[in-house]
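The values are calculated or read from the model by the stated rules, or taken from the named source; none is laboratory data. Bear in mind the structure is a predicted one, so any value in this text is a computation, not a measurement. Note that each Cβ is placed from the backbone with ideal geometry, even for glycine, and that neighbours are counted across all protein chains shown.
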Amino acid sequence: MSYVTISPAYGRGKTRLLVRPSSGGQFGLRVEDIFKPTDGALSDDREQVTGNTLAESIFESLANAKIWTSKVAMHMDMANRDRFFRQLDRLHDAEEWMEGDQPVQLETYKNFIRFMLSDGRDSKPSLALSADGVLTAIWVAGTDRLTVEFQRHNRVSWVVSNTIGPNVERAAGITSTDRLLTNLAPYEPRKWLATK
Amino acid sequence: MEDCGYGIFQLLRVGRGCRLFAKPDSWSVMLVTDSPRQAPRPPYSLPPIIEAVIQIVYPDKFAASRADAFRSKLSPLYDSKTDLKQVTAHIEPERRKAEFQDVPQTRFASNDQTDAIVVSPDGLLWTRLAPYPGWDVFAERVARDLKLAIKHLSIGKPSRIGMRFINRIDVPATGDVVRYEDYLAINIDLPPQISSVDNYGWRFECPFPTLGLRAVLQSAVVEPEVPSHLSFLLDIDVIAMNELPADLDSMLSHLEKMRTLKNELFELSIRDKAREQFSR
């Protein structure tokens with residue numbers, strides 16, 4: 001028995017991918033390709049001819065976010081994907097764009113989508129975009145609110161506003177995305193994230 | 001002749017719990033086991049295709065005015081148009097020489113970026129990203145655009161047709177071990193002295209002379225995009241370069257033939273556990 005050892009990207013412990021020796025395999029990697037493979041949209045040897053206009057810059061960021069979404073689309077509900085796209089389109093309306101603002105940073109968008117795939121389930125957050133292109137998601141349940149800013153490198157900042165009797169309780173923190181639910185546990189996060 | 005679940009084959013022999021099929025005038029031999037529990041069969045509800053590509057290359061460049069006319073006909077069919085350049089480098093290390101060539105291209109895409117066509121000086125390339133809506137939808141768009149191309153570009157026979165389907169199989173990383181060979185039927189035969197390797201990658205080419213096709217299959221572990229999953233690619237590229245047709249109907253028939261081979265190779269490359277992943 002032999003196995004491939006790989007480190008998963010999402011820090012849930014080391015996992016081994018087993019490869020059983022069998023008679024069916026051939027090792028065929030070649031340095032040169034006799035036949036150039038049929039390429040496609042995910043090829044990385046193309047670049048957009050940028051005219052450096054604001055509209056082109058916004059379009060490129062938006063398109064990159066949508067193209068990346070296709071890589072996880074088979075794990076997403078189509079209605080959820082379309083809703084995120086509509087919100088992204090609205091957030092990137094070139095006619096209402098403030099000079100100096102940045103379009104969405106792909107890494108913060110990826111962080112948000114990965115959270116939704118693992119813990120966000122079918123919840124329906126509203127999205128907002130900071131001036132430097134960082135994506136923020138807002139969940140509301142009655143008068144209670146959860147706001148999470150999805151930053152780069154698997155980091156999140158969160159703010160909770162909970163109504164307890166006549167009082168409003170507020171809390172905030174910074175953590176990694178995969179520890180967000182653990183941080184939010186005292187505030188019953190399922191009321192936001194399990195909302196259908 | 002009968003349908004063995006992978007297409008119409010000739011039944012050669014019936015064994016205990018299995019049947020052996022072959023396709024006359026072709027390369028295919030198929031061993032089908034009579035499993036008490038039927039694994040899902042295509043079309044799958046959640047196909048693992050992350051990108052489907054059809055590429056048609058012509059021996060000569062399109063006339064500039066005809067290419068402009070074709071692009072103007074494509075514009076209303078897509079939501080956006082983007083000018084691209086594909087950069088090709090020719091490097092000769094012994095002469096300390098590197099030459100770069102920019103090939104201008106135009107990409108037309110749907111608003112969600114999943115449907116696109118890239119028009120090059122001498123070729124056309126259609127792509128469909130996930131979620132894959134099925135062959136009929138993809139082929140209908142290709143046929144629509146190809147009809148326009150044949151009319152406005154006045155093109156003859158292509159020099160190459162490629163059909164590439166890139167699949168990514170995402171396996172939930174539950175527990176300590178995920179058995180790779182449970183999902184892919186084509187494996188690397190490691191000697192017992194090598195008990196562990198980091199990642200894997202294989203690639204092979206196989207000719208199908210009677211079909212006039214050639215296939216390149218590749219697989220490798222890739223960085224997972226989905227949390228708590230392990231991922232590996234299964235990339236199937238079917239290529240036609242001989243005696244290619246010029247008219248629309250014959251081109252579409254040719255694409256159908258390539259698709260049949262691509263599907264057979266895919267089904268031969270995966271196991272039932274993978275099929276179950278595609279049909280949750």
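Could you check the range B:46-100 and list, in sequence order, the residues that are in contact with a strand residue (DSSP E or B) (Cβ under 8 Å, 6 or more places away or on another chain), among the basic types (Lys, Arg) and either farther than 21 Å from residue B:153 by Cα or within 11 Å of chain A (Cβ to nearest Cβ) (or both)? Listed by number, the residues that qualify are B:81, B:85, B:97. Of the residues screened, residue B:49 is not one that is under 21 Å from residue B:144 (Cα atoms) and either of a type in the set (Gly, Ala, Ser) or modelled with pLDDT of 90 or more (or both). When residue B:193 is tested against (1) farther than 23 Å from residue B:269 by Cα; (2) more than 8 Å from chain A (Cβ to nearest Cβ); (3) touching a residue at least 40 places away in the same chain (Cβ under 8 Å), only condition (3) is not met. Residue count for the range B:186-214, restricted to those that are crowded, with 16+ Cβ neighbours inside 10 Å, outside any strand (DSSP E or B) and charged (D, E, K, R): 0.
Kindly indicate whether residue B:259 is free of Cβ contacts under 8 Å to residues at least 60 places away in the same chain and either more than 10 Å from every other protein chain (Cβ to nearest Cβ) or more than 13 Å from the chain's Cα centre (by Cα) (or both). Taking the combined requirement at face value, the residue does not satisfy it.
Taken over the range A:74-114, residues that are free of Cβ contacts under 8 Å to residues at least 12 places away in the same chain and assigned to a helix (DSSP H, G or I) amount to 8. When the range A:83-106 is filtered for residues that are farther than 20 Å from residue B:80 by Cα and in contact with a strand residue (DSSP E or B) (Cβ under 9 Å, 6 or more places away or on another chain), the ones remaining, listed by number, are A:101, A:102, A:105. Considering the range B:215-240 alone, what residues qualify as being surrounded by fewer than 20 Cβ atoms within 10 Å (Cβ to Cβ) and either within 18 Å of the chain's Cα centre (by Cα) or aliphatic (A, V, I, L, M) (or both)? If the condition is that a residue be surrounded by fewer than 20 Cβ atoms within 10 Å (Cβ to Cβ) and either within 18 Å of the chain's Cα centre (by Cα) or aliphatic (A, V, I, L, M) (or both), then B:218, B:220, B:221, B:222, B:233, B:235 are the ones that fit.
This table checks each residue for (1) crowded, with 16+ Cβ neighbours inside 10 Å; (2) farther than 30 Å from residue B:44 by Cβ; (3) of a type in the set (Lys, Arg).
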{"residue": "B:93", "(1), (2), (3)": "no, yes, no"}
{"residue": "B:99", "(1), (2), (3)": "no, yes, no"}
{"residue": "B:105", "(1), (2), (3)": "yes, yes, no"}
{"residue": "B:109", "(1), (2), (3)": "yes, no, no"}
{"residue": "B:124", "(1), (2), (3)": "yes, no, no"}
{"residue": "B:127", "(1), (2), (3)": "yes, no, no"}
{"residue": "B:131", "(1), (2), (3)": "yes, no, no"}
{"residue": "B:136", "(1), (2), (3)": "no, no, no"}
{"residue": "B:141", "(1), (2), (3)": "yes, no, yes"}
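For the range A:61-87, residues that are within 21 Å of residue B:106 (Cβ to Cβ) and touching a Ser or Thr at 6+ places or on another chain (Cβ under 7 Å) total 1.
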